[in-house]
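Below is one structure; the comments refer to it alone.
All of the numbers you see were taken from the coordinates with simple rules; none came from a lab. Keep in mind it's a predicted model, so treat the numbers as computed, not measured. Counting neighbours? That spans all protein chains shown, and the Cβs are built from the backbone with ideal geometry, glycine included.
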Amino acid sequence: MIELFFVTCLLSDPAKCADHSLLFEERNGLFTCMRESQFELARWMETHPKEKVREWKCRVAGSGGRKA
């Protein structure tokens, strides 16, 4: 599986961040993730207006958390 891994932080407290993940099927997964990631992130932000996406990347699912 390929995942869109992203980190969001609260607008009111930028030090409070959380990891999130959206999964894509393995077949064409990386290409699909790269193609659809901005749309998925924009849709996610519409439903979470108190948070801001700090970083994101497409990767093999479960290949580690965010950088320290």
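Here are a few things to note about the model shown:
- Any chance Ser37 is exposed (fewer than 13 other Cβ atoms within 10 Å of the Cβ) and either within 11 Å of the chain's Cα centre (by Cα) or assigned to a loop (DSSP other than H, G, I, E, B) (or both): no
- Checking each residue in segment 1-44 for being in contact with a helix residue (DSSP H, G or I) (Cβ under 9 Å, 6 or more places away or on another chain) and of a type in the set (D, E, K, R) picks out Glu3, Glu25, Glu40.
Yes/no matrix, rows are residues, columns are (1) surrounded by 16 or more Cβ atoms within 10 Å (Cβ to Cβ); (2) of a type outside the set (A, V, I, L, M, F, W, C):
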position	(1), (2)
Val7	yes, no
Lys16	no, yes
Asp19	no, yes
Glu25	no, yes
Ala42	no, no
Pro49	no, yes
Glu55	no, yes
Ala61	no, no
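- Of the residues making up segment 1-12, those that are out of contact with any Ser or Thr (no Cβ under 8 Å at 6 or more places or on another chain) and either part of a strand (DSSP E or B) or under 17 Å from Met45 (Cβ atoms) (or both) number 6.
- Yes/no for His48 being touching a helix residue (DSSP H, G or I) at 6+ places or on another chain (Cβ under 8 Å) and not hydroxyl-bearing (Ser, Thr, Tyr): no
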